[in-house]
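Inspection log for the structure reproduced underneath, given as structure tokens.
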Amino acid sequence: MTRVVKCVLLGKELEGLERPPYPGELGQRIYEQVSKQAWQQWLQHQTILINEYRLSAIDPKARKFLAEEMEKFFFGDGSEKPSGYQPEK
């Protein structure tokens, strides 16, 4: 049976994630309050951040930055795209 959550980002009842997508308290909050659709939006935004800022997944500072941006994206004022970002055409 599909799990349904009231998505904090999109403001409606949508299909939820199958398991917490991130460790710890933040991952649990995301699991309980974020839909699959909103999670996919985050993954696209995260890719932009990684590429534009040239982040490395093994760098602890980069991981901390991405966790902070993830929290802002879902539960704060939103995560901004990097200044000067131009999507590919």
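Any residue in region 69-86 that is modelled with pLDDT of 95 or more sitting within a Cβ distance under 8 Å of a residue that is in a loop (DSSP other than H, G, I, E, B) and of a type in the set (A, V, I, L, M, F, W, C)? List the pairs, counting only those 6 or more apart or interchain.
Here the result reads PHE73/LEU9; PHE74/VAL8; PHE74/LEU9; PHE74/VAL34; PHE75/VAL8, each pair linking region 69-86 to a residue that is in a loop (DSSP other than H, G, I, E, B) and of a type in the set (A, V, I, L, M, F, W, C).
Please go through (1) under 12 Å from the mean Cα position of the chain (by Cα); (2) without any contact (Cβ under 8 Å) to a residue 24 or more places away in the chain for ILE50 and return the number of the only condition it doesn't satisfy.
That leaves (1) as the condition not met.
To keep it simple, each residue is scored yes or no on (1) within 24 Å of ARG19 (Cβ to Cβ); (2) out of contact with any helix residue (DSSP H, G or I) (no Cβ under 6 Å at 6 or more places or on another chain); (3) among the aliphatic types (A, V, I, L, M).
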residue: ALA38; (1), (2), (3): yes, yes, yes
residue: LEU43; (1), (2), (3): yes, yes, yes
residue: ALA57; (1), (2), (3): yes, yes, yes
residue: LYS64; (1), (2), (3): yes, yes, no
residue: MET70; (1), (2), (3): yes, yes, yes
residue: PHE74; (1), (2), (3): yes, yes, no
residue: ASP77; (1), (2), (3): no, yes, no
residue: PRO82; (1), (2), (3): no, no, no
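The values are calculated or read from the model by the stated rules, or taken from the named source; none is laboratory data. Since the model is a prediction, treat every value here as computed from it, not as a measurement. Cβ: placed from backbone, ideal geometry, glycine included. Neighbour counts: every protein chain shown.
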